[in-house]
Amino acid sequence: MSNQNTKMMQRDLEVIWHPCTQMKDHETLPLVPVKSGKGVYLYDFEGNRYIDAVSSWWVNLFGHANEHINNKIKLQLDTLEHVLLAGFTHEPAIELAHKLVGITPKDLSKVFYVDNGSSAVEAALKMSYHYHLNKGKCKPIFLSLTNSYHGETIGALSVGDVGLYKETYEPLLIANMQVPVPKNQSIEAAQEALIFLEEVLKDKAHEIAAFILEPLIQGAGGMHMYHPVYLVGARALSQKYDVHLIADEIMTGFGRTGKMFACEHAEISPDFMTLSKGLTGGYLPLSVVMTTHDVYNAFYCDYNEHKAFLHSHSYTGNPLACAAALASLEIFEQNDILGENEKKSTYIKEQLEIFSSLDNVKEIRQQGMVAAIELKGYAAQERVGLKIYEYALTQGVLLRPLGHVIYFMPPYIISYDEIDKMIKVAYEGVVKVLK
Ligand SMILES: Cc1ncc(COP(=O)(O)O)c(C=O)c1O
């Protein structure tokens, strides 16, 4: 590693404890100090560039240092950087909330601002539990899918099901149950999983506040995908058994799956929708819980009835983040982003065909601008994902496989040449590194 990069790395490791990392790995694995970003590229301190094929943890939509978003944030910066949202309000929060109500599924009419994905999940869980309580029912259990991921705070971790993150904290978790996720993208798998869902609801619905799921794609669970028919069925069953449906669109929202929101593939309107990541185009931490009039009204009464939702975070609805979100939505309004994405995802699908002849490939799957190659025949300790990651970096691509699943989730502005490069490097990684 070059001198400047090494210096930065050493200075970093003296003081920073990185997220989702065994820090000892960095005795041998170099950190990549990023100096700047432009478009799909990240630049290190020696001028090497890397295609950000994972959109910096799935947040970036329109590239780094996007001119339009930059300008809107700068304007906002000189107007109002932050103000509390209790008792006070501001224009970007108001305008953004109206826009979100306009583009999300029809029954979602109220916006509760939070400031990151996990906190949005926490707020949605609390709101659901509290709603039932306000209606005179105590329902302390949350239902979710096997292999799901909803964040790392205690409530969010409780409704997740990735053992690596969850197991250690088992004694601390809130009451949760899991039903099987459809095992693949077929309609049959969706129907089969719905049978299990109804069995659990029949038996336990009186204790279950909400059923939370990642619509169509389980991100951290290895980009596992399933058919929209499951969402149609889950919505119908949740209504039948008086259990809320929480659609966690933190990863799938804002065009990732081919439609603005994954719920649109099934034409369903959930009781709650959580949004973050792409909400600000990948610029600033912000999240929302969208919900219905019915939920909102269950909390609306005289103060002394003690039914208010007294949940808050200091940076809730930050004006700079709201300005970034508004700028990102303007890009959607002024361009045919979903149309262009459709062409790009068709192209990606064609290019991924080269993986199908490899013996170590188990499955290729795709939903919109998310594509995944699942490898087979490797033990977890072999850390094949890490090997691919290291190889791809030497070739100027940031891939960050999830175990033995290599995936592509690039910013939407990626060019066809850059798609070629991203896929070529992953292919070489699979062929060369794993032989
Ligand atoms: C579906 C889903 N929900 C929640 C989260 C948590 O969001 P955050 O990392 O902002 O806390 C994530 C993060 O990857 C996610 O993919």
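Tabulated results
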read-out	value
Given (1) closer than 30 Å to D271 by Cα; (2) among the hydrophobic types (A, V, I, L, M, F, W, C); (3) out of contact with any strand residue (DSSP E or B) (no Cβ under 6 Å at 6 or more places or on another chain), number of the condition A379 does not satisfy	(1)
Any hit, segment 200-223, residues being away from the ligand (no atom under 15 Å from the Cβ) and either free of Cβ contacts under 8 Å to residues at least 24 places away in the same chain or touching a Gly at 6+ places or on another chain (Cβ under 6 Å) (or both)	yes
Yes/no for V229 being within 28 Å of V405 (Cα to Cα), modelled with pLDDT of 95 or more and more than 16 Å from the ligand (Cβ to nearest atom)	yes
Scope segment 355-375; condition assigned to a helix (DSSP H, G or I) and surrounded by fewer than 17 Cβ atoms within 10 Å (Cβ to Cβ); matching residues	S356, S357
Hits in segment 124-161 - residues which are hydroxyl-bearing (S, T, Y) and open to solvent by 10 Å² or more (accessible area, probe 1.4 Å)	Y129, Y131, T146, Y149, T153
Filter pass, L173 being loosely packed, with under 14 Cβ neighbours inside 10 Å and away from the ligand (no atom under 13 Å from the Cβ)	no
Selected residue (only one of L197, L164 is within 16 Å of the ligand (Cβ to nearest atom), free of Cβ contacts under 8 Å to residues at least 60 places away in the same chain and over 24 Å from G255 (Cβ atoms))	L164
Residue check, S144 under 22 Å from S287 (Cα atoms), assigned to a loop (DSSP other than H, G, I, E, B), within 15 Å of the ligand (Cβ to nearest atom) and under 17 Å from the mean Cα position of the chain (by Cα)	no
Residue ID - nearest to the chain's Cα centre (by Cα), chosen from residues in segment 233-264 that are away from the ligand (no atom under 16 Å from the Cβ) and in a helix (DSSP H, G or I)	E264
Tally, over segment 256-290, of residues that are open to solvent by 10 Å² or more (accessible area, probe 1.4 Å) and over 23 Å from V54 (Cβ atoms)	6
Cβ pairs under 6 Å, 6+ apart, first in segment 129-158 and closer than 21 Å to D242 by Cα, second within 11 Å of the ligand (Cβ to nearest atom) and of a type in the set (A, V, I, L, M)	F142/V159; S144/V159; S144/I212; L145/L213
Options Y389, Y378; residue that is open to solvent by 10 Å² or more (accessible area, probe 1.4 Å), part of a helix (DSSP H, G or I) and not small (G, A, S)	Y389
Single unsatisfied condition, R11 versus (1) over 19 Å from I414 (Cα atoms); (2) open to solvent by less than 30 Å² (accessible area, probe 1.4 Å); (3) not aliphatic (A, V, I, L, M)	(2)
Filter pass, A325 being touching a Pro at 6+ places or on another chain (Cβ under 7 Å), of a type outside the set (S, T, N, Q) and either surrounded by 15 or more Cβ atoms within 10 Å (Cβ to Cβ) or in a helix (DSSP H, G or I) (or both)	no
Residues being among the hydrophobic types (A, V, I, L, M, F, W, C), touching a helix residue (DSSP H, G or I) at 6+ places or on another chain (Cβ under 6 Å) and under 30 Å from F309 (Cα atoms) - total across segment 59-85	2
Which numbered condition P30 misses (of (1) modelled with pLDDT of 95 or more; (2) closer than 27 Å to A372 by Cα)	(1)
Set N60, N48, N66, N71: member being open to solvent by 50 Å² or more (accessible area, probe 1.4 Å), under 30 Å from V425 (Cα atoms) and either in contact with a strand residue (DSSP E or B) (Cβ under 7 Å, 6 or more places away or on another chain) or away from the ligand (no atom under 16 Å from the Cβ) (or both)	N48
Selection status of L310, within 14 Å of the ligand (Cβ to nearest atom) and at pLDDT 95 or above	no
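Okay, residues lined up against (1) of a type outside the set (G, A, S); (2) at pLDDT 95 or above; (3) surrounded by 19 or more Cβ atoms within 10 Å (Cβ to Cβ); (4) farther than 20 Å from Y226 by Cβ:
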site	(1), (2), (3), (4)
Q395	yes, yes, no, yes
P410	yes, yes, yes, yes
S415	no, yes, no, yes
D420	yes, yes, no, yes
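The values are calculated or read from the model by the stated rules, or taken from the named source; none is laboratory data. Computed from a prediction, not measured in an experiment: that's the story for all the values here. Methodologically, a virtual Cβ is constructed for each residue, glycine included, from the backbone with ideal geometry; neighbour enumeration extends over all protein chains shown. These accessible areas exclude ligands, DNA and RNA; they are computed on the full protein's heavy atoms, side chains included. Shrake-Rupley method; radii C 1.70, N 1.55, O 1.52, S 1.80 Å.
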